[in-house]
Amino acid sequence: MRTWPLALLVAIALPRCKGSPDETPWCSLARPPAAPDAGVARTWWRDAKPIVDARCGRCHGAQGIAPFTLARPSDFASRIGEVRRSIEDGTMPPYLAAPCCTPYQLGIGLAPAERATLLDWLAQGTPEGDPRDAPDASTPRAGGLSRTDVSLRMPEEYLPAPPPGSTDDNRCFVMQWPLDRGGYITGLDVAPGAREVVHHLVVGALTGDDAAVAEQRDREDPLPGFSCNGGFGGVRNVTLLGGSLLGGDFPSGLGHRIEPGARILLNIHYSTAHHGAMFDRTEVRFKVDSAARGFESVSLVNPAWLVADAMRVPAGEADATFFYQFRPTVSTGGQRVWLWNVTAHMHEFATRQRVMIVRADGRRECLLEIPRWRFGWEQPYWFATPKVLEPDDELYIECHFDNTAANQPVRGATPRDIAWGGNNQDMCAAFVAFAREAP
Ligand code: HEC
């Protein structure tokens, strides 16, 4: 169930990671998304507003993390070109999984029909229409926590301090889990202290030696927390609880087991690009239940990438490809399990990733295609219905990296060879959450 297994996994199966990547075509690269149907008249009240409220409002509303509001037709009219481009190329909303791969519980993602409707409405010049046309039942807004049982706030304020030439600072903070009884975390949400600088974060749980390592690093660093570029600052076993600022209840009564004495690790990506540096003290809220359908996670990562420096991307390489296929017996115990979600983890050189099940009879089943990776929007993609993984099935991950001058995290930097690692390196990993119980 751990997210950073190291040499442990090396001996398990003969990994298929030499030769060529899987030949199954990427659906997201093969099929252009449907063109808008400009024939149907669209209005703000009837067509656009319900979609905008559900898929943009959480971030582009009054209290949102986005730098401007998108709440009225005039907000769209004044930046129409930018909005159309961001929807067309899939950068907004920041839901990176391609819907052609498999059906998801969409959250902030746009369903293909919603995407087409919004593009129609923009192409027609953002007409307002009649408020009486507003649909009665609005589309439910994505996310949100139904109850808060535990709130943890960063112990002190922190002022982001990116290195010279960069506007990014990745910082980790450790906090004591306060409950003295075991339970299940059944949802979490994040209240950024300074929305202007908290770009995204990842929340994990630590126990034992790993908690000690994190606390040691915290003590050694004179500032609050410790530097955590691209990972968890050298902490090895982290149970990933959630990512991004879009929290909420976990679906279907699922929960992560948490024991007394655990620590919560907050990895915050601060960006000073829009507003400069500002003091932040972020809070994370948890829903906790005494019983839940427990879920765990299996890491898709080739151990050789970590220990043998096998993930080397030479300077100037435009499309370096890494892939790995294995049977996740160490995590699943060789039992049938049910897969609930998948989270991709890569840094800023990465361009795309996919994850598949390779069935024992050779059939491929797509779990995730991210055709355009954007660092900072790591989040779990929940399957519309959980997928059975049989003991003989394998998992496959494939990542692509661009290490040319045009794709350097620090603008203008000269490319140099990179490998697996944190600051100015990259990673090829995904986490698949699974339950041992049938849904
Ligand atoms: C999860 C939060 C979130 C959601 C949901 C979201 N946005 Fe954004 N949006 C942002 C942030 C943050 C930025 C600032 C740029 C960045 O950090 O990527 C942004 C920037 C933009 C921009 C500026 C151009 C760009 O790509 O940076 C446009 C246009 C935009 N959003 C449109 C939309 C529309 C339309 C929707 C809904 C269909 C939407 N966004 C949903 C967070 C969000």
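The values are calculated or read from the model by the stated rules, or taken from the named source; none is laboratory data. This one's a predicted model, so the numbers in the text were calculated from it and none came from an experiment. All Cβ positions, glycine included, derive from the backbone under ideal geometry; neighbour counts span all protein chains shown. Protein only, heavy atoms only, side chains kept; ligands, DNA and RNA dropped before computing areas. Shrake-Rupley method; radii C 1.70, N 1.55, O 1.52, S 1.80 Å.
Annotations for the structure displayed:
- log₁₀ of I(q)/I(0) at q = 0.10, 0.13, 0.15, 0.22 Å⁻¹ - the range 44-188, Debye sum with one point per alpha carbon: -0.51, -0.79, -0.94, -1.40
- The chain - accessible surface per residue (Å², probe 1.4 Å): 44 Å²
- Pairs of alpha carbons in the range 396-439 separated by more than 17 Å make up 49% of all such pairs.
- Formal net charge of residues neighbouring Asp89 (Cβ-Cβ distance under 13 Å; K, R +1; D, E -1): +3
- Length-normalised contact order of the range 352-439 in % [C-alpha pairs under 8 Å, at least 6 apart]: 27 percent
- Alpha-carbon Debye profile of the range 346-399, log10 I(q)/I(0) at 0.15, 0.23 Å⁻¹: -0.50, -0.94
- Extension gain (nm, one decimal) between Asp392 and Ala111, 0.36 nm per residue minus Cα-Cα: 97.8 nm
- Here is how the number arises for the chain: DSSP H runs of 4 or more residues each give -39500 (n - 2.57), the sum is divided by the residue count, and the result at 222 nm is -3500 deg cm²/dmol.
- Pairwise Cα distances in the range 132-281 exceed 19 Å for 56 percent of all pairs.
- When the range 291-365 is reduced to its Cα atoms, the Kirkwood hydrodynamic radius in Å: 15.2 Å
- Computed over the range 107-204, the alpha-carbon pair-distance distribution with 5 angstrom bins reads 2, 7, 12, 15, 13, 11, 12, 11, 9, 6, 2, 0, each value a whole percent.
- Whether the range 195-285 is rounded, prolate or oblate, judged on the alpha carbon gyration tensor where a/c under 1.5 counts as rounded: oblate
- Estimated from the Cβ-Cβ distance and a Förster radius of 45 angstrom, the FRET efficiency linking Ala291 and Thr414 is about 0.20.
- Sorted from longest to shortest, the spans of the Cα atoms of the chain along the three principal axes equal 63, 52, 52 Å.
- A viscosity of 1.306 mPa s and a temperature of 10 °C, combined with the Kirkwood radius over Cα pairs in Stokes-Einstein, give a translational diffusion coefficient for the range 79-137 of 122 µm²/s.
- For Ser74 and Ala438, the difference between the fully extended length at 0.36 nm per residue and the C-alpha to C-alpha distance is 126.2 nm.
- Normalised contact order of the range 163-227, rounded percent, pairs of Cα under 8 Å and 6 or more residues apart: 60 percent
- Surface share of carbon and sulfur [accessible, 1.4 angstrom probe, percent] for the chain: 50 percent
- With distances taken between every two different alpha-carbon atoms, the range 18-125 has a Kirkwood hydrodynamic radius of 15.1 Å.
- q = 0.09, 0.13, 0.19 Å⁻¹, the range 291-439: log10 I(q)/I(0) [Debye, one scatterer per Cα]: -0.30, -0.60, -1.10
- Its Cα centre serving as origin, the chain has a Cβ charge dipole (Lys and Arg +1, Asp and Glu -1) of approximately 380 debye.
- Between His275 and Arg374, the FRET efficiency estimated from the beta carbon spacing at R0 = 22 angstrom works out to 0.65.
- Restricting the calculation to Cα atoms, the range 196-352 shows an Rg/Rh of 0.97 when the hydrodynamic-style radius is the Kirkwood one.
- FRET efficiency for Asp53 and Arg312, using Cβ-Cβ distance with R0 set to 60 Å, rounded to 0.05: 0.80
- Where labels lie 7 Å past Cα in the beta-carbon direction, separation of Gln335 and Glu157 in nm: 4.9 nm
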